[in-house]
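Structure first, commentary second.
Only the coordinates and a few stated rules stand behind these numbers; no lab work does. Since the model is a prediction, treat every value here as computed from it, not as a measurement. Here the Cβ positions follow ideal geometry from the backbone for every residue, glycine too, while neighbour counts run over all protein chains shown.
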Amino acid sequence: MEARRVAEIRLETGQQGEQQMFIDTRKLEEDTVVHTTVCIIGAGVAGITLALEMQRLGIDACLLESGGYKADDDTRDLYRGENIGLPYTFADGSRSRFLGGSSNCWGGWCRPLDPWDLEKRSWVAHSGWPFGLDELTPYYERTHALLKLGPNNFDPAYWEAAIRRPDVRRLPLIGEHIRDTISQFSPPARFGKLYREPLEQSHRVKVYLYANVVDIGTNADATSVTAVSVATLSGRHIKVAARLFVLATGGIENARLLLASNKVQPAGLGNGADLVGRYFMDHPRLMSGSVRFNKGWARNKLYDIKYHYQNAAVSANGTYVSSQLALKPAVLERERLLNARVWFFSMFYGEGSKGAQALFRTKQALLKKDQPGHSLTRDLLTMAAHPVDTVGFGLTRLMQPRSLITDVKMQAIVEADPDPDSRVTLSEHRDRLGVPRVRVHWRVGSLVQRTFDRTFALLAQELQSSGVAQVALDPPVEGQPWPAELEGTWHHMGTTRMHDSPTMGVVDRNSRVHGISNLYVAGSSVFPTVGANFPTITIAALALRLGGHIARELGMPCATYASDGTPQRKAPAREPEQAMTLAGAAQGLMPLREE
């Protein structure tokens, strides 16, 4: 007991001689109890963003990461579960369970949500956020430094003028249906590498590696979290006690941990209305049609994913961009459609062949991305058996000659509408740490089908009427079984949705779990609706917003931000006795405690 008491004191005050901000949980004494002010579970984009905010605001925090500095098979296995809905890969190759989280396998796409994405729409059941886009505007501004983006400007005309290339031009669309939009690319920012040094130099944040939270413990009526139980795959067990807890483990794992923490509430924490795990959403993606560009537009790089993705030719002042086509908001309302984004997809020689698929798997394996069933020997034999397709595809991907484009298609990602029966539940199977694995049932309904059909059709109509291209459309998908080519984009969202009412959402507008005074959720699982934009920038913006809320809850001085992102520091007034306690905590003398 004496050793445990000393361990508690040292970890609480940081008095270990030379302070260690990265700690290997496997090397701690059994049953160590870590005390801190804010415990952040998950070191991905949301978790690391929030940890950096705690450091900036002078708040002690610990950051719990399941993995280490790089991928390992045993930790990766903890993500695996059962798929019972549409064919869907939700773990292997699409999530990274080590420092930096999914930023390790992120493509870098960034664009804020559209204003109407947050609004209540009569034709979209369960739509609407508790606040509008203006609430996120100052935080979007701050994400540009965090994600290493360019200026907070998404005006297509601005970027066309800045790039000034004849092969990077906006399409002269003259109809009433289509608008062009801009996305920026993060390099992409790998948070585990990019922010490792700032976290190592932090005086407020300790990072615990190989620390898997297996249970969220509460008081007798589950109105307050008391501590989380942490286990390592090597068999070590510790606890973390904090004043506030933030769950930031991803759109599937957030729901899993709440459901699995059922010692006091049998249905799981925050699940009094049976909402945890429901409304699971991803952005469905589908290709369609055949586009034949008219003279003058066949070599335009701005809208083609094979050419605009992280391409220096489609950049200005060090910022890479791309353009997508979307329906105007008035059209969405008139046609009662979901939001969508469309780009062109040039098909290269050998695309889709066995040799090309083997080459792609080999590349992914070299990038340390999990490839279930991948055998290097088998793929090398496949490539040797199909040399023309393999070499042809490899060369065209590398050199991108226009002469070897065999076709051009339209590819769209569509907003998923919230469906309570698209959900994450617990399986009867358990992982090595004893936590139930997940069962994922991804559903995509008829409104999404109609949005694909009408978006493709209206875009084809406008391309033709504007003299840009001739388009041959594929048969409609509405009313038909989903084609095998339908895929998700690995954006796990919606499972702990935000709503002011505890009967309609898991968390409130400040991301606090309804009914639990000190438990928050960060990440895209809180999205009530998801738009058709890439979620990382919004995840980061919400994490920055949550950091300010936590500071105010703790009574700490914090910075508010003007609409242009300028910090405006403001210290809330406190009672004298409480202010003294907070001042002591700010000097590192103690973590903030309940009075």
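Placing one identical point scatterer on every Cα of the stretch 16-119 and ignoring solvent, what is log10 I(q)/I(0) from the Debye formula at q = 0.13 Å⁻¹? Rounded to two decimals, the profile gives -0.67.
Relative contact order, percent, of the stretch 390-534 when contacts are C-alpha pairs under 8 Å separated by at least 6 residues?
Values: 154 pairs, mean separation 27.0, N = 145.
Once normalised by length, the contact order is 19 percent.
Computed on the stretch 439-519, with alpha-carbon pairs under 8 angstrom and 6+ residues apart, the relative contact order is 15 percent.
Show that you can apply the helix-only estimate: for the chain, add -39,500 (n - 2.57) for every DSSP H stretch of four or more residues, divide by all residues, and state [θ] at 222 nm to the nearest 500.
On the way: 16 runs with 160 residues, N = 595.
Taken over the chain, the calculation gives -8000 deg cm²/dmol.
For the charge dipole of the stretch 46-181, defined by +1 on Lys and Arg C-beta atoms and -1 on Asp and Glu C-beta atoms about the Cα centroid, which residue among Leu78, Leu50, Asn152 has the Cα displaced farthest towards the positive pole? Highest projection toward the positive end goes to Asn152.
Taking the highest mean first, how do the peptides 95-104, 37-46 order by number of other beta carbon atoms within 10 angstrom per residue? Present the calculation step by step, with values, prior to reporting the outcome.
On the way: 95-104: 25.3, 37-46: 28.8.
With the highest mean Cβ count within 10 Å placed first, the list reads 37-46, 95-104.
Working from the pairwise distances between different alpha carbons, so that the mean of 1/r is found and then inverted, what is the chain's Kirkwood radius in Å? Spell out each step's value before the answer.
Working: mean 1/r = 0.0396 Å⁻¹.
One over the average 1/r among Cα pairs gives 25.2 Å for the chain.
Any idea what the relative contact order of the chain is, in percent, if you count C-alpha pairs under 8 Å spaced at least 6 apart? Please report the intermediate quantities before stating the final value.
Values: 1307 pairs, mean separation 136.1, N = 595.
That works out to 23 percent.
Over every pair of different alpha-carbon atoms in the stretch 39-193, take the mean of 1/r and invert it; report that Kirkwood radius in Å. Kindly include the intermediate steps, with their values, before the conclusion.
Working: mean 1/r = 0.0527 Å⁻¹.
The Cα-based Kirkwood calculation yields 19.0 Å.
DSSP assigns beta bridges within the chain; of those with both partners inside it, close to 70 percent run antiparallel. From least to most packed, judged by other beta carbons within 10 angstrom and beginning with the fewest, Arg545, Arg497, Arg80 follow the order Arg80, Arg545, Arg497.
So how do Met493, Met287 line up by other beta-carbon neighbours within 10 Å, fewest first? Don't skip to the answer; put the middle values down first.
Numbers: Met493 28, Met287 17.
Ordered by Cβ neighbours within 10 Å, fewest first: Met287, Met493.
The ellipsoid equivalent to the alpha-carbon distribution of the stretch 114-234 has semi-axes of 41, 26, 13 angstrom, derived from the gyration tensor eigenvalues as √(5λ) and listed largest first. Charges on Cβ only, +1 for Lys and Arg, -1 for Asp and Glu, centred on the Cα centroid of the chain; of Phe280, His492, Ala522, which one is farthest towards the dipole's positive end? The listed residue farthest towards the positive side: His492. Computed over the Cα atoms of the stretch 135-182, pair by distinct pair, the Kirkwood hydrodynamic radius stands at 12.9 angstrom.
Please report the equivalent ellipsoid semi-axes of the stretch 180-316, computed as sqrt(5 x eigenvalue) of the Cα gyration tensor, largest first, in whole Å. Don't skip to the end; give the middle numbers.
Details: eigenvalues 393, 109, 30 Å².
Taking √(5λ) for each Cα gyration eigenvalue gives 44, 23, 12 Å.
Put in order of Cβ neighbour count within 10 Å, fewest first, the listed residues Phe527, Phe185 become Phe185, Phe527.
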